[in-house]
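Presented below is the structure to which this report refers.
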Amino acid sequence: GTWTATITCGTSGTITVDAAQNLLNYTKIGNLCHISGRIKVSSISSPVGEIGIAGLPFAGGGSGEGSGHQNIGVHFRGAVSDVGAVTGQISTSSINIYEAGTTGNTNVDNKIDGGTYIMIGGAYQTT
């Protein structure tokens, strides 16, 4: 199937996804959901804080140690500035995006601009 992605800003501001390039693919087998695709940012307005890709087709979850720390592959193309290793962490209903660093994760709110492509791929456990 397909799902429509939107982008949220944790503190303030907006990031708008191009309506012609906002559909991602998914296949769910049992409690495992595979997602893939590419979205394009059309505009931004002073984004601040954690960036999230919202609209997951199924809530993330599962049981066991670390079930709340599932990772999805994320890649930026055409970003406003260089981006290091980017990772997506599944929350209940979105993918929280961070730039991995030596002392922890860093928000990417200042790395995205109009025209940035965000590629996403991986699988996550559902509830």
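Residues of the range 63-89 being modelled with pLDDT under 85, open to solvent by less than 40 Å² (accessible area, probe 1.4 Å) and either closer than 14 Å to THR126 by Cβ or hydrophobic (A, V, I, L, M, F, W, C) (or both), which ones? Of everything in the range 63-89, those that are modelled with pLDDT under 85, open to solvent by less than 40 Å² (accessible area, probe 1.4 Å) and either closer than 14 Å to THR126 by Cβ or hydrophobic (A, V, I, L, M, F, W, C) (or both) turn out to be SER67, GLN70, ALA79, VAL86. If the condition is being among the small types (Gly, Ala, Ser) and surrounded by 17 or more Cβ atoms within 10 Å (Cβ to Cβ), then the range 16-53 contributes GLY37, GLY52.
Residues that are exposed (fewer than 15 other Cβ atoms within 10 Å of the Cβ) and assigned to a loop (DSSP other than H, G, I, E, B) were ranked within the range 94-109; the one that is modelled with the lowest pLDDT is THR102. Among the residues in the range 12-28, are any among the aromatic types (Phe, Trp, Tyr) and modelled with pLDDT under 90? No: the range 12-28 contains no residue that is among the aromatic types (Phe, Trp, Tyr) and modelled with pLDDT under 90.
Under the condition of being open to solvent by 60 Å² or more (accessible area, probe 1.4 Å) and not in a loop (DSSP other than H, G, I, E, B), the residues counted in the range 1-15 number 5.
The values are calculated or read from the model by the stated rules, or taken from the named source; none is laboratory data. These figures come from a predicted structure and were not determined experimentally. Using ideal geometry, Cβ is built from the backbone for each residue, glycine included, and neighbour counts are taken over all protein chains shown. Ligands, DNA and RNA are stripped out before the accessible areas are found, and what is left, the full protein with its side chains, is counted by its heavy atoms. Shrake-Rupley method; radii C 1.70, N 1.55, O 1.52, S 1.80 Å.
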